[in-house]
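One structure is given below, encoded as structure tokens.
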Amino acid sequence: MRLKYIVELKGVLKLPILSKVCAVERCGLIKEETSHMASGAQPYDGEATRPPLPMPTNLTSAFTLKEVRQVKAGITVVDVVELDIPTGEIIALVGPSGAGKTSLLRLLNRLDDPVSGAILYRARGLTQYPVQELRRKVGFVFQTPVMFPGTVRDNLSMALTLGGEPGTDPDERMAAALALAELDCALYDREGDQLSGGQKQRVNIARALMTSPDVLLMDEPTSALDPETAERLMETTRRLSREQHLTVVMVTHRLSEARRTSDRTVVLERGRVVACGSTVDVFGSTTNPRIRAFLDTGT
Amino acid sequence: MPHFVQSAATASRSIVDVSWFDLAWAFGLILIAIGIARWQGLGLAQSMFIGAIRTIVQLMLVGYVLVYIFALDRWYLVVAALLCMLIVATKAAVGRQHGVSRRLLMITGVAMLLASGFTLLYISTLVVRVAPWYNPQYLIPLFGMIVGSTMNAAAIAAERLASEVVARQAEIEAYLALGATYQQASQQSVRQALRAALIPTVNGLMVVGIVTLPGMMTGQILAGSSPLMAIRYQIVVAFMQAGAVAITTAIVTLWYRRTFFTPALQLKLQTHGAAA
């Protein structure tokens, strides 16, 4: 199924036209999940131990979002979002502060659940996967890097314990993850407080890669880094996506970063998707004056 | 003025009676404390006075109740007294928390019941060998000391766990995002809560007899027991309290932490009065 994207949408208060087209195309897939959510069904108590489902392969969509809505503290932070996230590409979520970027990202590996709507991962509802298995396949890199107690090695081996593939040599796996994150093996035995901000973020990326994810969610991974370090991290991200066929969904405040790094860009405003499409098209052809003004702030 | 200090050789034979007139002299020390509070404008003078009056009234009431229970010597009255002590202690332990849920009340109550009940049973059957099994002279003071220490420990453990989970939100979610269980994600928080709750007990074991003479041991000596017998009882009490505190804090932290997570292993802080 080939996805189509329309660069610009009618306006803030209108649903994305393209998303409606996509929703129709995926009607059969979405219907089941929507009815599950609409009926008010809750994850059952044994969710964490739900038996694993075989992961579908050869799909063009990593995620499909159908009328997803999220409310926090009585405020709608994600408002009827419909979106397709293709596999193997880098998607940038941009928008002003409070647009719902992080809230949307958190829904994708179930750190939060939406109040309504459906999210499909590889054509199946998120709630159909055992949540731990889902999270191992959908890694998350936070805005502020978090180091677990101990050394870099301890951090990586903890992740390996949680979701490493059986039969792999731990040292080999850790070395590979460090290499992918472009970290020097000399840092193996350093504690978290002996690392720079950029190094910590790379350890966090390496740690997320230890569970062999198909998708990497990145919440403003460069916000605390200097421009040079941020650019190098983005280069690493591009290479990871290209070489590992990793789908990357990245929240960023830096529009120049989104422009240089991502294949596709989604613009959010007050919880709604106001523009989405190829990054070249979104940045080059958007004519809506308000969105244009926002996009031009980063150039 | 009563002459409390006696030699060890004569202690077991001399119990000095403290009359109401003697108590009035003791009240003089409270008046000094109130005077200092007023002099420094601490705003505590009134509370101190009320506290002193409450001390007199509450202890008198307890004294008469104990005299009644001892005189009747019925097992059900002893059990009822123990349950009352447990309920009051549970409410006191939970009352220190902000926005307390009924669930925390239940967790604390059950933890204190199990830990205190087990410890009392252990001590009364294996160590002191109380006969009859409900002998109020032993069960009530022993249970009082157990419940007193578990009450403080449960309060510290629950409060510290809640604050640790809030402070470590990012770390916990980083664990969860990797596919960790809630037990793995909250391991550091639980560890810190357990440490905080156990440290006073550990410190108490370290300095007992050197920095302070424990109240029970002092009371026994004042009441005429041999100091050597008093220290044996005090050792029993110290170990008993350590065991009860450890069991209580383990139950409270391990059970309470589950309430911070949804079945889908999502961290939920809103229901604990903290911002998510």
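Using the Cβ-Cβ distance between A:A176 and A:E235 with R0 set to 22 Å, the FRET efficiency from 1/(1 + (r/R0)^6) comes to roughly 0.75.
Using only the alpha-carbon atoms, how far is helix B:102-122 inclined from the longest principal axis of chain B? Give it as 0 to 90 degrees, nearest 10. Between the helix axis and the principal axis of chain B, the angle is about 50 degrees. When DSSP beta bridges are restricted to pairs lying wholly in region A:179-299, around 55% turn out antiparallel. Rolling a 1.4 Å probe over the protein chains gives B:L267 an accessible area of about 20 Å².
Measuring with a 1.4 angstrom probe and ignoring ligands and nucleic acids, A:C276 comes out at about 0 Å² accessible. Using label points projected 7 Å from each Cα along Cα→Cβ, tell me how many nm separate A:T161 and B:I36, to one decimal. So the label points at A:T161 and B:I36 sit 5.1 nm apart. Between B:R232 and A:D169, the simple label model (points 7 Å from Cα in the Cβ direction) yields a spacing of 6.5 nm.
The ellipsoid equivalent to the alpha-carbon distribution of region B:17-166 has semi-axes of 31, 27, 12 angstrom, derived from the gyration tensor eigenvalues as √(5λ) and listed largest first. In terms of the mean number of neighbouring beta-carbon atoms within 10 Å, the peptides B:222-228, B:89-95 order highest first as B:89-95, B:222-228. Scattering from region A:143-299 was approximated by placing one identical point on each alpha carbon and applying the Debye formula without solvent; log10 I(q)/I(0) at 0.13, 0.14, 0.15 1/Å stands at -0.65, -0.73, -0.81. If you take the Cα centroid of region B:133-175 and the Cα centroid of region B:28-52, the two points sit 31 Å apart. Inter-chain Cβ neighbour count for B:259-265, averaged per residue, equals 6 (cutoff 10 Å, partner chain atoms only).
Qualifying trypsin sites (Lys or Arg not before Pro) in region B:122-220, where qualification requires a DSSP coil assignment and no more than 12 other C-beta atoms within 10 Å, comprise B:R129.
When nucleic acids and ligands are ignored and a 1.4 Å probe is applied, B:Y64 ends up with an accessible area of around 150 Å². Annotation for B:L114 and B:L72: the two label points, set 7 Å from Cα along the Cα-Cβ direction, are 3.2 nm apart. Mean residue ellipticity at 222 nm, helices only, chain B: -24500 deg cm²/dmol; runs of at least 4 DSSP H residues each add -39,500 (n - 2.57), and the sum is divided by the number of residues. Here the dipole of region A:138-266 is about 400 debye; that uses its Cα centre as origin and unit charges on the Cβ of Lys and Arg (positive) and Asp and Glu (negative). Let's test the formula: R0 of 45 Å, r as the Cβ-Cβ distance of B:T55 and B:T125. What FRET efficiency results, to the nearest 0.05? The calculated FRET efficiency here is 0.85. Taking every alpha-carbon pair under 8 Å whose residues sit at least 6 apart, region A:108-175 reaches a relative contact order of 24 percent. Of A:T102, A:T151, the order by accessible heavy-atom surface (1.4 Å probe, DNA, RNA and ligands excluded), from most exposed downward, is A:T102, A:T151. The largest accessible area among B:F70, A:F283 belongs to the first residue in B:F70, A:F283, and the rest follow in falling order (1.4 Å probe, all chains).
By the rule of a C-alpha distance below 19 Å, with chain neighbours fewer than 8 residues away ignored, the aspartates and glutamates paired with B:K268 are A:D45, A:E47, A:D112, A:D113, B:E159, B:E164, B:E171, B:E173. Charging the Cβ of each Asp and Glu at -1 and of each Lys and Arg at +1, and nothing else, the dipole of chain B about its Cα centre rounds to 420 debye.
The distance from the alpha carbon centre of region A:131-198 to that of region A:54-127 is 25 Å, rounded to a whole number. Considering only B:Q241, B:Q137, B:V207, the residue lying farthest towards the positive end of the dipole of region B:116-243 is B:Q137, judged by Cα position with unit charges set on Cβ.
Ordering A:E220, A:E67, A:E89 by accessible surface, largest first, gives A:E67, A:E89, A:E220; the 1.4 Å probe counts only protein heavy atoms, with every chain in place. Taking Cα atoms, how many degrees apart are the long axis of helix B:45-72 and the longest axis of chain B, rounded to 10 and kept between 0 and 90? Between helix and principal axis, roughly 80 degrees. Note on A:Y188 and A:K72: with the Förster distance fixed at 35 Å, the Cβ-Cβ geometry gives a FRET efficiency of about 0.35. If you take all other residues with their beta carbon under 11 Å from the beta carbon of A:S157, and give Lys and Arg +1 and Asp and Glu -1, the sum is +1.
The values are calculated or read from the model by the stated rules, or taken from the named source; none is laboratory data. Everything quoted here is computed from the prediction, not taken from an experiment. For neighbour counting, all protein chains shown are included, and Cβ atoms are generated from backbone atoms with ideal geometry for every residue, glycine included. Accessible surface is based on the protein model in full, side chains and every heavy atom, while ligands, DNA and RNA are left aside. Shrake-Rupley method; radii C 1.70, N 1.55, O 1.52, S 1.80 Å.
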